[in-house]
Amino acid sequence: MGQTARTTKLLLDLSARDQGGANAGKRSHLEETSKILDAARQFYLDFFLAHPEKLMERVEVLSKKTGEVSERLISADKLLTWAEFHTVTTAEHPDPLPEWNFSQAFPDFPNRYRRSVIKDVIGKARGYLTTLRKWQHSGKKQGKPGIPTASNHPTLYAGTYTLDLDELDLRKSFVRLKVYTGSTWAWVQYPTRYNRYFEQRRAEEGWEQESPQLVLGKQSAAIHCLQSKTIKARKIVESKRDPDLVTVAVDLNVKQLAVITVRQHGTIIQTRFVSDQGLDQARFRHLGRIAKKQWQSGQAVKGERSNQQLWRHIRRQNTDAAHETARAIVEVCEQYPGCVLLFERLRTIKAAGGSKSRRRNRKQANQLKGKINQLAKEKAYAKGVVSVEVNPHGTSQYCARCGGKGVRFTYQAGQRVKGRGGKLFFCPVCHYECHADFNASCNVHHSFFREFHWQPRTP
Ligand SMILES: [Zn+2]
C-alpha cells in the first residue's frame with residue numbers, strides 16, 4: 001500500500017471583460033487575498049516562534065488499541081485549539097493575550113482561512129525548530145538555519161471556495177472564491193478556462209480530492225487541484241515468486257528513446273520501440289545555432305529568434321518527448337495487470353569530447369533519459385505498477401541468448417563494419433544477431449532474475 005498524488009491546473013480567465021474574462025478589479029482582489037493571508041501567516045509564525053516550548057511539548061497519549069500510555073509530540077489539532085484560545089476573541093473567551101490579539105489585528109477574518117493559515121505555520125515552525133536544535137547540537141558555526149518565510153500559496157478549504165460547473169456549457173463555468181477586496185471579505189465569481197481534460201481527471205475513479213491551492217503568477221492565476229490515490233501493489237519479493245509474473249523491461253537510449261520488451265515464462269511476448277522522431281538531430285542543430293550566436297555575441301539579429309527562445313524550445317521538446325515516451329511505457333504495462341516494470345540504474349554518458357554543441361546535446365540527452373525514467377515510474381505507480389532498478393552491468397555488451405560477449409556493428413554497403421557506435425549486435429558464440437538496443441532490453445530481464453553471470457560459455 002502506498003500513496004501517490006497529482007495536480008491538475010484550472011486556469012482562471014483574467015482576460016479583459018469584453019473578451020469574457022474577469023475585470024481588473026477582480027484580479028487585484030486575488031492579490032489582496034494572497035497578501036493578507038501572508039500577513040496572517042506571519043502573525044502566527046511569530047506567535048509560535050515566541051512559544052517554542054508549547055510547539056515542541058510532549059504529551060501523554062493513551063492508545064485505544066492497547067491501552068498503553070506513551071509520550072508523543074503534541075498534535076497539530078491541539079496546537080490549533082490552543083493558538084485560537086490565546087489569540088481569538090469569542091463569546092466564552094472575550095480577552096485573548098493583549099499582545100497577540102488576532103481578532104483585533106485582522107477583523108472579520110474568515111475562520112476557515114485562519115485555520116488553514118495556522119495549520120500551515122505549525123508545520124513550518126516545527127520544521128525550523130527541529131533543524132535549529134540539530135544545528136545547535138552539532139556545534140558548527142556555519143549553516144545556521146534561517147527563519148522560515150511566511151508567504152505561501154493560499155489553500156482553499158471548503159467554505160472559501162466552490163466550483164460551479166454549468167453542465168450545459170462547460171466553457172461558462174465559474175469558481176466562487178472568498179476574497180479580500182482590500183477593505184472587506186466577499187464572495188466573488190471568477191470565470192475559468194475550463195476544459196474537458198480537467199473534468200476527466202477530476203472525475204477519474206480512485207482519486208480523492210484534496211484541498212486545492214490558489215497559485216498567482218505574474219500574468220495568470222490558477223487553481224491547482226490536488227488529488228491523491230491509495231495504491232495497492234504487491235511487494236517485489238512476492239511478485240518474484242509468482243511463476244506467471246510478467247516483466248516489462250525498458251532500455252533507454254538516445255535515438256530509440258525506449259525499447260520496451262515484455263517477458264513471461266522466459267520468452268519475450270511483446271516488443272515496442274519508441275523512436276525520438278529526429279529529436280536528437282533537431283536538438284543538435286538548435287544547439288549549433290545557439291553556439292554560433294554566442295560566438296558572434298553582441299547584437300541580436302533582427303527577425304531571428306533569440307537564444308532564450310531557442311533554449312525554451314529545446315526544453316519544451318524534451319519535456320514533451322519525455323511525457324510521450326513515459327506514456328508509451330505505461331500503455332504497455334497496462335496490458336499486463338500485476339506486472340513489474342524494470343529499468344536499468346541510470347548511467348550517464350560522459351558529455352566529453354567533440355564540439356561544444358555535441359557535448360551540450362549529450363547533456364540534454366542524459367537529462368531526457370532521467371526525465372523519462374522518473375515520469376514513467378510515477379505514471380506506472382499511479383496505475384499500481386511497481387518499478388525496480390536493476391544493475392546495468394553488461395546489459396549492452398553480452399548476448400541475451402547465450403550470455404557470450406558480443407560485438408556491435410553496422411552494415412555499410414552490404415559489409416559488416418565493427419564499431420562501438422554500431423546499431424546492431426552480433427554474438428560470435430551462438431551467432432545471434434539483432435538490434436543492439438533490443439538485446440540490451442532483453443538483458444534487463446536477465447539482470448532482474450539474475451540469470452546470467454556474463455561469462456562466455458563454450459557452445
Ligand atoms: Zn550468444
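Coordinate-derived values only; no laboratory data. Worth saying up front: this structure is predicted, and the values here are computed from it rather than measured. Cβ placement follows ideal geometry from the backbone for every residue including glycine, while neighbour counts extend to all protein chains displayed.
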Taking placed amide H atoms and a strict 5 Å upper bound, the residues 5 or more places from LEU12 or on another chain that come that close are ARG193, ALA221, ALA222, ILE223
In nm², the average projected area of the convex hull spanned by the Cα atoms of the range 88-153 is 6.4
Contact order relative to length for the chain, counting C-alpha pairs under 8 Å separated by 6 or more residues, stands in percent at 14
Taking every C-alpha to C-alpha distance in the range 253-296 and binning by 5 Å from 0, the per-bin percentages run 5, 20, 15, 13, 12, 10, 8, 6, 5, 3, 2, 1
For LEU342, the residues 5 or more places away or on another chain with a placed amide H closer than 5 Å to its own amide H are VAL248, ALA249, VAL250, VAL388
Averaged over all viewing directions, the convex hull of the alpha carbons in the range 61-105 casts a projected area in nm² of 4.5
Share of Cα-Cα pairs in the range 147-273 beyond 27 Å, whole percent, is 51
For LYS292, the lysines lying under 26 Å Cα to Cα, once residues fewer than eight places off in the same chain are dropped, come out as LYS255, LYS302, LYS350, LYS356, LYS363
Over the chain, cysteine residues that find no other Cys C-beta under 4.7 Å are CYS225, CYS333, CYS339, CYS434, CYS442
Scaled by the rule-of-thumb 2.2 N^0.38 Å, the alpha carbon Rg for the chain gives a ratio of 1.29
Largest-first semi-axes in Å of the equivalent ellipsoid built from the Cα gyration tensor of the range 332-459 are 27, 23, 13
Here FRET efficiency (C-beta to C-beta, LYS356 to LEU226, R₀ 41 Å, nearest 0.05) is 0.45
In deg cm²/dmol, rounded to the nearest 500, the helical mean residue ellipticity at 222 nm of the chain, built from -39500 (n - 2.57) for every DSSP H run of length 4 or more, is -12500 deg cm²/dmol
For LYS235, the lysines lying under 21 Å Cα to Cα, once residues fewer than eight places off in the same chain are dropped, come out as LYS377, LYS379, LYS383
Compactness check, the range 64-198: C-alpha Rg relative to the 2.2 N^0.38 Å globular estimate gives 1.47
For the range 144-149, Karplus-derived ³J(HN,Hα) couplings (6.51, -1.76, 1.60; θ = phi - 60°; whole Hz; x for glycine and proline) come out as 5, x, x, 5, x, 7
Expected vector for the range 277-289, Karplus 3J(HN,Hα) from phi with 6.51, -1.76, 1.60 and θ = phi - 60°, integer Hz, x for Gly and Pro, equals 6, x, 4, 4, 5, 4, 5, 4, 5, 4, 5, x, 5
